[in-house]
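**Q** This structure is in structure tokens; I'll ask about it shortly.
The values are calculated or read from the model by the stated rules, or taken from the named source; none is laboratory data. Computed from a predicted structure; not experimentally measured. Please note: Cβ atoms are built from the backbone with ideal geometry, for glycine as well, and neighbour counts cover all protein chains shown.
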Amino acid sequence: MEQVLVKAAQLLLSLSILVIVHELGHFLFARIFKTRVEKFYLFFDAWFSLFKVKIKDTEYGIGWLPLGGYVKIAGMIDESMDKEAMAQPPQPWEFRSKPAWQRLLIMLGGVMMNFIFAIIIYTGISYVWGDEYLPTDNVKYGISVSETGEKIGFANGDKILSVDNRHVEDFLKIVPTIILDIAESVQVLRDGQKVDIPITSEDIALMLKASKSVISYRLPFSPTIDQFSKESVGQAAGLQVGDEITGVNGQIFQWHDEFQKVIANSKSREIVVSVQRNGQQIDVPVTIGNEGILGIYSNQDIAELFEFKTIRYGFFQSVPAGVKRGVETTKNYLKQFKLFLLPEAKAHESFGGFIAIGRIFPGKWNWYSFWNMTAFLSIILAIMNLLPIPALDGGHVLFLLFEMITGRKPGEKFMEYAQITGMVLLLALVAYANANDIIGLFKRP
């Protein structure tokens, strides 16, 4: 329960910051072009607001419905559908009285601020924490693969050489690279021989649906029991902290994945775990549950097993590093749209709402993770707002570009109907995304 609250708090804080930043972009450009802003709200104030104060011509407030926020710009057809104000003669301070290029910048202000904000965050992350990653070449024991990885063609002990004959420096970026680039092959070193593993669209679909890592770095088997999970069947059967496992059913292990596989294949069966305890050999019968786990942990120090690479940035070096990271993140997110063109991937099923977004935050408060995810969400918010849907900034931008090219301004009635259509479509998308979340909760084991 505590983890859920921490995730929810991070999500709420992150989205609140991003909403304010986005709406501030519209607000600042409106002020630059002397356009009146009637309201600036965090969250929606349907029927009533939690807080409000009026300063000059603008009412600043906090609504009760945490689904976003808005600025109400005078003389603009938006979600408020203020037809009465639009029926009055245009005033010089209104949005509709401004040149098209100024209106375009006002509408793009929110998106621009989200991109700039993401780069500022990435710059700060680069300066404070730097970059740390595990080079693919340093995964000296090869990979450990899940059932999904086996189906695709990977094998325990494979050493990844390249993806589509291109080297991937960061080991953790191998699977994202395969998916986002819709790779056709992966090259591995297996038993001293180079092997080419073909990747199909069905394999991409399997990766997208996988509930755990398709591949991870292979670990040597560590026999010492350092702690137990909650309701551990091993602890209940008599295993103790400090025991050293010497075998299971007489089988000894070199690699951790070998041990895991034997336990997973023993669901609902009794096994004999042999351990060394205080210099004595002891056999402990253990009945494995339906989960196929023993419920024990060994505190292996990953930093001692592998050589990680750390890059530190000075203040001025962190700026281009932040820009580069922002650009790469944007490119990778845009690549995800290609997955909707793969019928086998069924990417629409992974379209999620607030629950899905909340899950990406860690269960414990971590400022590095928080700011990293906030920067990522800022880029997502910017890109999603550019979609050509009338209720979004992208819809308004589309109509403004049409006006600038043709010299004809869309009629107010058309804009009203377009706004209503866009709002209905947006609500349908939100409902669909959150329905996917709820269905996913019931599907989770």
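**Q** Residue by residue through the range 1-47, note down the ones that are modelled with pLDDT under 90 and basic (Lys, Arg).
**A** LYS7
**Q** Here is a further query. Every residue in the range 231-258 that is under 28 Å from LEU172 (Cβ atoms) and either in the same structural domain as GLU150 (by TED's automatic domain parsing) or part of a loop (DSSP other than H, G, I, E, B) (or both), please.
**A** Answer for the range 231-258, where residues must be under 28 Å from LEU172 (Cβ atoms) and either in the same structural domain as GLU150 (by TED's automatic domain parsing) or part of a loop (DSSP other than H, G, I, E, B) (or both): PHE253, GLN254.
**Q** Can you name the number of the only condition in (1) surrounded by 17 or more Cβ atoms within 10 Å (Cβ to Cβ); (2) over 29 Å from ILE215 (Cβ atoms) that GLY250 fails?
**A** Condition not satisfied by GLY250: (1).
**Q** I would also like to ask the following. Which of the following residues is assigned to a loop (DSSP other than H, G, I, E, B), at pLDDT 70 or above and surrounded by 15 or more Cβ atoms within 10 Å (Cβ to Cβ): ILE383, ILE379, ILE389?
**A** ILE389
**Q** Output the residues belonging to the range 130-154 that are of a type outside the set (A, V, I, L, M, F, W, C), in contact (Cβ under 8 Å) with a residue 60 or more places away in the chain and under 30 Å from GLN317 (Cα atoms).
**A** GLY130, ASP131, GLU132, TYR133, PRO135, ASN138 - these are the residues of the range 130-154 that are of a type outside the set (A, V, I, L, M, F, W, C), in contact (Cβ under 8 Å) with a residue 60 or more places away in the chain and under 30 Å from GLN317 (Cα atoms).
**Q** Kindly indicate whether any position in the range 72-93 is in a strand (DSSP E or B), crowded, with 18+ Cβ neighbours inside 10 Å and either in contact with a Phe, Trp or Tyr (Cβ under 9 Å, 6 or more places away or on another chain) or modelled with pLDDT of 95 or more (or both).
**A** Looking through the range 72-93, at least one residue is in a strand (DSSP E or B), crowded, with 18+ Cβ neighbours inside 10 Å and either in contact with a Phe, Trp or Tyr (Cβ under 9 Å, 6 or more places away or on another chain) or modelled with pLDDT of 95 or more (or both).
Yes/no per residue for (1) surrounded by 11 or more Cβ atoms within 10 Å (Cβ to Cβ); (2) at pLDDT below 95:
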residue: SER268; (1), (2): no, yes
residue: GLY292; (1), (2): yes, yes
residue: ALA303; (1), (2): no, yes
residue: PHE306; (1), (2): yes, yes
residue: ALA321; (1), (2): yes, no
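**Q** Give the range 136-146 a look and list any residue that's more than 16 Å from HIS256 (Cβ to Cβ) and either out of contact with any strand residue (DSSP E or B) (no Cβ under 6 Å at 6 or more places or on another chain) or surrounded by fewer than 18 Cβ atoms within 10 Å (Cβ to Cβ) (or both), or say none.
**A** Within the range 136-146, ASP137, ASN138 qualify.
**Q** Follow-up. Might you let me know whether the range 48-68 holds any residue that is of a type in the set (A, V, I, L, M) and modelled with pLDDT under 90?
**A** Yes, the range 48-68 contains at least one residue that is of a type in the set (A, V, I, L, M) and modelled with pLDDT under 90.
**Q** Return only the number of the condition from (1) touching a helix residue (DSSP H, G or I) at 6+ places or on another chain (Cβ under 7 Å); (2) in a strand (DSSP E or B); (3) touching a residue at least 60 places away in the same chain (Cβ under 8 Å) that ALA118 does not satisfy.
**A** (2)
**Q** Could you please find all residues in the range 221-246 being of a type in the set (Gly, Ala, Ser) and farther than 13 Å from LEU294 by Cβ?
**A** Within the range 221-246, SER222, GLY242 meet the criteria.
**Q** Need pairs with beta-carbon distance below 6 Å; first residue part of a loop (DSSP other than H, G, I, E, B) and within the range 217-230, second among the basic types (Lys, Arg) and surrounded by fewer than 18 Cβ atoms within 10 Å (Cβ to Cβ); sequence gap 6+ or separate chains.
**A** Filtered contacts from the range 217-230: no entries.
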